[in-house]
Amino acid sequence: MQIDGLETSPRLGSRAGPLYTGIVKIALGQINPTIGDFAGNAAKIIDFSRRAQAAGAGLILFPELCVCGYPPRDLVERPSFVARNREAAERIAAETRGIAVICGLVTPARAETGKSVMNSAALLKEGAIAFVQSKMLLPTYDVFDEMRNFAPASSQELFTFCGKQMALTICEDAWNDKHFWNKRLYRFDPVEALIGAGGNFVLNISASPFWVGKREFRREMLATIARNYKVPVVMVNQVGGNDSLVFDGSSLVIGPDGAVIAQGKSFEEDLICFDPNQLAGDIHEQIAGEEASAYAALVLGTRDYVRKCGFRQVIVGLSGGIDSALTAVIAADAVGPENVIGVGMPGPYSSKGSIADSRTLAENLGIRFEVIVISDIFDAYKKALQEVFAGLKEDVTEENIQSRTRGTLLMALSNKFGAIVLSTGNKSELGVGYCTLYGDMVGGLAVISDVPKTMVYRLSRYVNSQRSVIPVTTLEKPPSAELRPDQKDSDILPPYEIVDLILEDYVEDSHSAEQIAADHNFDVNLVRHIICMVDRSEYKRQQAAPGIKISAKAFGYGRRFPIAAKSET
């Protein structure tokens with residue numbers, strides 16, 4: 001039978017059969033959608049579809065949930081959100097006649113599932129929604145919580161394009177191959193089932209978040225599927241930042257031998273085409289190298305967070321240290337130097353170089369720089385507390401007053417100028433709690449909160465290798481909060497090279513103190529001390545601004561630990 005010009009698949013009863021029988025290109029629309037921006041997302045999909053059609057494509061694939069944006073989280077519980085999503089899909093279908101479009105959207109779930117929607121892919125053809133395939137494997141780990149919001153599909157079907165039996169899958173559906181994973185998360189493998197039913201061409205629409213090393217890992221996983229089943233594998237991935245997540249794009253087409261035959265750029269929108277019969281297509285250059293890719297992710301994540309939250313300007317407190325310097329450089333690249341305000345706030349213990357280095361950085365970047373001295377404000381605080389604190393020695397309390405004074409000033413500027421404050425703490429500090437609530441932690445986005453201190457230095461040197469902007473004195477000075485005379489981070493912490501190794505093993509890999517000590521030949525009591533600092537600081541992290549995730553395990557909603565709990569150390 002025929003439905004909207006699509007012939008039924010005889011094997012699986014799919015409603016979508018042959019679209020074309022000649023040699024027609026397939027395109028991948030690697031786009032940056034915004035959650036809830038149905039008009040903007042639809043316009044982008046329509047524009048890319050028309051461009052693909054002009055390039056000779058008969059079919060174009062877009063990322064997972066691109067119509068509504070990913071991840072929509074609990075927005076899918078709002079009936080108006082689901083209705084606008086459907087209306088946007090219908091508009092896309094009406095305005096893309098002449099090319100078939102596969103795009104991700106939410107569709108109603110059966111009442112008995114207890115969920116309101118499913119995570120689906122729709123095939124749009126000649127003005128109508130001709131075929132719908134829904135996601136079967138719903139990830140519930142790290143940053144994913146799809147079982148909370150979606151009902152899983154009970155079955156999937158094939159459709160035909162250019163004589164190929166297309167196995168259409170959605171992101172996680174392709175992440176359960178028994179040939180690749182030593183330990184699988186699911187009993188069922190949708191790719192294996194669809195290929196077993198006659199599929200000979202795998203399509204995967206994804207919203208696969210970035211972390212350092214993820215692109216190489218993902219490429220090899222997809223190549224393993226292609227080699228073992230001897231079929232081409234196509235993956236179109238979302239690009240852009242949504243809250244803490246950054247999506248790198250890096251879309252791929254992989255031949256049956258595991259070789260890449262087409263690929264999209266990393267960290268920017270792109271349109272690529274390939275011939276499904278000749279297995280040849282566009283290969284666009286991707287960003288290579290750990291530092292380069294991490295830096296690109298941070299810039300993209302910052303740009304999209306600021307833009308999608310409706311801000312234009314950003315404010316960065318500049319201390320003359322390496323963390324605030326790197327944050328300012330990222331900010332200038334993300335939103336333009338004309339939209340960055342750097343603020344130096346010297347106090348009674350600030351070094352002479354703190355303002356000089358900050359001013360030099362600001363001049364190198366071409367950003368606005370303001371200086372607000374906090375010494376008198378600090379003295380006023382101490383005077384106000386003098387009677388209450390009588391007989392007590394100065395300690396961390398007075399240090400935190402300085403930090404909180406700076407935080408208050410930054411937020412005052414934020415209110416006055418309508419600019420978002422970017423906090424500058426790194427992952428090492430956030431991990432061990434070497435940061436001040438309502439002080440240096442204030443802000444709307446913690447740009448480098450998933451960047452360990454040692455990587456902060458690596459990224460800073462990478463930045464300077466591209467253009468010399470961070471002063472050499474900033475790179476060379478010992479890390480210090482400058483909240484008491486001659487203060488150094490090393491007064492209370494071991495070298496950051498040691499701290500970062502412990503944090504990586506404990507936070508990302510959940511290793512015990514004994515295992516970490518044995519693996520690195522560290523004193524076990526030192527490891528226990530650092531782990532205890534991590535556990536005690538959970539209350540701080542849960543009040544921190546969201547950060548940009550670039551590691552396999554970041555602090556934030558992908559790492560869910562109780563605050564009131566006894567440390568195992």
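The values are calculated or read from the model by the stated rules, or taken from the named source; none is laboratory data. Keep in mind that this is a model prediction, so the values were computed, not measured. Because the Cβ atoms are built from the backbone with ideal geometry, glycine has one as well, and the counts that use them run over all protein chains shown.
For the range 145-166, which positions are hydrophobic (A, V, I, L, M, F, W, C), in contact (Cβ under 8 Å) with a residue 60 or more places away in the chain and in contact with a helix residue (DSSP H, G or I) (Cβ under 9 Å, 6 or more places away or on another chain)?
Let us first name the residues in the range 145-166 that are hydrophobic (A, V, I, L, M, F, W, C), namely 147, 150-151, 153, 158-159, 161-162, 166.
Next, only the ones that are in contact (Cβ under 8 Å) with a residue 60 or more places away in the chain stay: 150, 158-159, 161-162.
Once the filter is applied, which keeps residues that are hydrophobic (A, V, I, L, M, F, W, C), in contact (Cβ under 8 Å) with a residue 60 or more places away in the chain and in contact with a helix residue (DSSP H, G or I) (Cβ under 9 Å, 6 or more places away or on another chain), the range 145-166 yields Phe150, Leu158.
Within the range 409-422, residues that are closer than 15 Å to Ala446 by Cα and touching a residue at least 60 places away in the same chain (Cβ under 8 Å) have Cβ atoms under 6 Å from residues that are of a type in the set (Ser, Thr, Tyr) and assigned to a helix (DSSP H, G or I) in these pairs: Val421/Ser414; Leu422/Thr327, counting only partners at least 6 apart in sequence or on another chain.
Of the residues that sit in the range 325-347 and are in contact (Cβ under 8 Å) with a residue 40 or more places away in the chain and farther than 18 Å from Ala446 by Cα, which one is surrounded by the fewest Cβ atoms within 10 Å (Cβ to Cβ)? Among those that are in contact (Cβ under 8 Å) with a residue 40 or more places away in the chain and farther than 18 Å from Ala446 by Cα, it is Gly347.
Considering (1) surrounded by fewer than 16 Cβ atoms within 10 Å (Cβ to Cβ); (2) modelled with pLDDT under 95; (3) not β-branched (Val, Ile, Thr), the lone condition that His520 does not fulfil carries the number (2).
This table checks each residue for (1) of a type in the set (Ser, Thr, Tyr); (2) part of a loop (DSSP other than H, G, I, E, B); (3) in contact with a Lys or Arg (Cβ under 9 Å, 6 or more places away or on another chain).
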residue: Val442; (1), (2), (3): no, yes, yes
residue: Val451; (1), (2), (3): no, yes, yes
residue: Thr454; (1), (2), (3): yes, no, no
residue: Arg458; (1), (2), (3): no, no, no
residue: Ser465; (1), (2), (3): yes, no, no
residue: Pro479; (1), (2), (3): no, yes, yes
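Of all positions in the range 387-402, none carries a residue that is under 25 Å from Lys308 (Cβ atoms) and touching a residue at least 60 places away in the same chain (Cβ under 8 Å).
Conditions tested, residue by residue: (1) closer than 29 Å to Glu508 by Cα; (2) surrounded by 21 or more Cβ atoms within 10 Å (Cβ to Cβ).
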| position | (1), (2) |
| --- | --- |
| Ser120 | no, yes |
| Ala130 | no, yes |
| Lys135 | yes, yes |
| Thr140 | yes, no |
| Phe144 | yes, no |
| Ser154 | no, no |
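Within 22 Å of Leu422 (Cα to Cα), of a type in the set (Lys, Arg) and assigned by TED's automatic domain parsing to the domain that holds Leu475 - does that describe any residue in the range 350-361? The answer is yes, given that some residue of the range 350-361 is within 22 Å of Leu422 (Cα to Cα), of a type in the set (Lys, Arg) and assigned by TED's automatic domain parsing to the domain that holds Leu475. Among (1) of a type outside the set (Gly, Ala, Ser); (2) within 28 Å of Ala288 (Cβ to Cβ); (3) surrounded by 14 or more Cβ atoms within 10 Å (Cβ to Cβ), there is one condition Arg461 misses while meeting the rest; what is its number? Arg461 satisfies every listed condition except (3). Checked against (1) surrounded by 14 or more Cβ atoms within 10 Å (Cβ to Cβ); (2) in contact with a helix residue (DSSP H, G or I) (Cβ under 8 Å, 6 or more places away or on another chain); (3) among the hydrophobic types (A, V, I, L, M, F, W, C), Val371 passes all but condition (1). Residues being within 29 Å of the chain's Cα centre (by Cα), of a type in the set (Gly, Ala, Ser), modelled with pLDDT under 95 and surrounded by fewer than 24 Cβ atoms within 10 Å (Cβ to Cβ) are entirely absent from the range 71-83. Here's a check for you: in the range 244-258, which residue that is in a loop (DSSP other than H, G, I, E, B) and in contact (Cβ under 8 Å) with a residue 60 or more places away in the chain is surrounded by the fewest Cβ atoms within 10 Å (Cβ to Cβ)? Going through the qualifying residues, I end up with Ser244. When the residues of the range 546-564 are narrowed to those that are in contact (Cβ under 8 Å) with a residue 60 or more places away in the chain and of a type in the set (Phe, Trp, Tyr), which ends up nearest to Glu504 (Cα to Cα)? For the range 546-564, the residue satisfying everything is Phe555. Restricted to the range 128-202, the set of strands (runs of 3 or more DSSP E) holding at least 2 residues that are among the small types (Gly, Ala, Ser) comprises 128-134.
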